[in-house]
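Input: a single structure, listed below in structure tokens.
FYI, it's all coordinate maths here, none of it is from the lab. Predicted, not measured: the structure shown is a model, and the values here were computed from it. Cβ: placed from backbone, ideal geometry, glycine included. Neighbour counts: every protein chain shown.
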Amino acid sequence: MEAFRRDGDVGSTDNEGNENKRQGTISSARFNLLSSMVGGGSLSLPLAFHQTGNLLVAPILLLVTSVLAQQSIIFLVKAGVYSTPRWQQGASRDNEGDSTAASGSRQNNDLISNKKGNVSYENMASQAFGPRARIFSSSLVCACCFFATIGYSVLLRDMLEPIVDSIVTPPEGMGGGPTLARNAAMIIVVLCISPLTTWKNLTALRNVGAASMASVLTVGLCVAYRSIECQLGVGGIHQDDEGDSEDSGSMQAFPLSTKELLDAVPLFISSFICHFNVLPIHNELMCPTSDRVRQWVRTSIWPATLFYYLIGFTGSLYAKCTPSGSVQGNILLDFDEDDPLLLLGRLCLAITITLAFPMLVIPARDILVRSIMGTQFGRRFLSSKPNNQQIAATYNDTTDIPCDIAMPDGLTTIEFESMEISQIRNIEEPLLALESLGVGGAPPPEDDDEFVDNMSASSKQLGCGDTDSKAARTSVALVVFWSAAALACSVQSIDVVWDLVGSSFSIMLAFLIPCGAYLKLARRKRFDGIHDGGMGFRWWMLSRAVAWIMILVFAPLMVISTGNAVYNSFFSKK
């Protein structure tokens, strides 16, 4: 086991080497994914529940959307693994003529050495659909993150509005919207959180994600408490208007119209959008085996789904206590500004939004940095040159599998998906055990070489420092963040942007591209290794069928939802 303890010999290169290691745990990955997904958009779910029927149709839509979102994330991770260029693992084949034990040991030491991955969304799309898809997918991710940052900035300003107005009296007759004092308060918060957008790793933001989730949970509990008070008729909430709105009912099983159903569907979908951060988080997850990846995704999606049901259902019940008999797109706007409990909710939501900014800025920043570093100007003036110690720390590190990974009976499964591996053994047996990884001296199974190659490649780096520069990272992050905040200062309402982004960009980013890329790359990488008639082949075909069904469902849904959003934004008379 001495080969696994060599990182203590690196000495002064520990810090540099750590930057190139996978340091993310399932817990940190979960909080990062949740903070990318759960935020201000959850405040629109009470309206979605009210429009679609909070007793039956809305819970079904929420459940179906969560299942499809979970599967789309799995497809995205698979496509990312399959998209890794094969040349990166060429070094592990240099001595192919040597003994199989030595070759297997080197190859699999790379697999378990926890070197950080380098898979990106735009590279995955390029590998699947061609070079033009790189530009399109990069623009798509940047646009989604940029507009979401603008929307969150506007929402932050709205949450700070009661506090700011109590200090600086707004102009007479001024309702909601931008004022000098409100914009100044929002800009101050943006400046305070800006340093977090320059951090290199998402794993470093794990504590930020935990604080964000605690804050948004407090918001949900505040909304639920007031809504229950409304249903019980206590607290004196809109008692004068209760009779006017009671006829509309706060509980219903079905949507009142097809139009309201179309209006609500994008709200459910946008609540699960976190796909721009999936691959960066996966790149940092320690020992990203099939079981660990599925556990990470599953334990992120289902807590979010439960929270969405809590705030969606209870928030929709508050329609009974509003003058209009409905709820607004931001449920907090239906409560009195001087309500002390909801003032707490506003402050917590402001904290949640503030802590979510890095999760929105960093994906766009990294794509832009990679694009800049690929130019002659970036390579000449912005690239950081690795020193010999950094190179040694990157390529000589063979650290242990992290101790927090449970390995019962000394075995661990390292496949990404057993159904897509050639049927070499009984599917119930572990495909690769530690003995097969060279630890016990035995060579790896020859039939699994291609899979090991792919997983080793996904764990390697393109190189130390050749695509990373602190100066480029900082400058691009500040330009993206501050320009979005500057545009938010002049935005009266973000409804138009939310409708268009939620109905078109989000569906394409989260469902169409991941499913399409998986279909292309899975067939290219796996078909030759799967034989007709076996269990693995049937599972492989089922997985492809699910991806096709999702494309056939979401492609027309995107067209219909986009048309409906355009109609609502520019032609509706309401």
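Cβ-Cβ distance of A253 and A471, R₀ of 41 Å, FRET efficiency by 1/(1 + (r/R0)^6): the value works out to about 0.10. Full extension of the segment from L180 to F136, taken as 0.36 nm per residue of separation minus the current Cα-Cα distance, would add 12.1 nm. Here the 3J(HN,Hα) profile of region 482-491, calculated from phi with Karplus coefficients 6.51, -1.76 and 1.60 at θ = phi - 60°, is 5, 5, 5, 5, 5, 5, 5, 5, 9, 8 Hz, Gly and Pro shown as x. Label point 7 Å out from W482 along Cα-to-Cβ: which residues of region 121-159 have amide N under 17 Å? Under cut-off, by backbone N: 150. May I ask for the distance between the Cα centers of region 166-201 and region 296-357, given as a whole number of Å? So the separation of the two Cα centres works out to 21 Å. Put simply, when 185-198, 266-279, 548-561 are sorted by average Cβ atoms within 10 angstrom per residue, most first, you get 266-279, 185-198, 548-561. Provide the FRET efficiency to the nearest 0.05 for the L232-E260 pair, computing r from the beta carbons and using R0 = 35 Å. Once rounded, the FRET efficiency stands at 0.80. The amide H of L285, built 1.01 Å from its N in the peptide plane, has G24 as neighbours under 5 Å, considering only residues 5 or more places off or on other chains. Amide H contacts for K115 (H built 1.01 Å from N in the peptide plane; partners 5 or more residues away or on another chain; cut-off under 5 Å): R22. For region 318-327, the Karplus equation 6.51 cos²θ - 1.76 cosθ + 1.60, evaluated at θ = phi - 60°, returns couplings of 5, 4, 4, 10, 9, x, 8, x, 9, 10 Hz by residue, with Gly and Pro reported as x. Applying 1/(1 + (r/R0)^6) with R0 = 30 Å to the Cβ-Cβ distance of D165 and A204 gives a FRET efficiency near 0.25. Here the 3J(HN,Hα) profile of region 285-293, calculated from phi with Karplus coefficients 6.51, -1.76 and 1.60 at θ = phi - 60°, is 6, 5, 6, x, 6, 4, 5, 5, 5 Hz, Gly and Pro shown as x. Quick one: net charge of A477's neighbours, Cβ under 11 Å, K/R +1, D/E -1? Local charge sum for A477: +3.
Computed extension gain for S569 through L55, at 0.36 nm per residue and net of the alpha carbon distance, reaches 182.2 nm.
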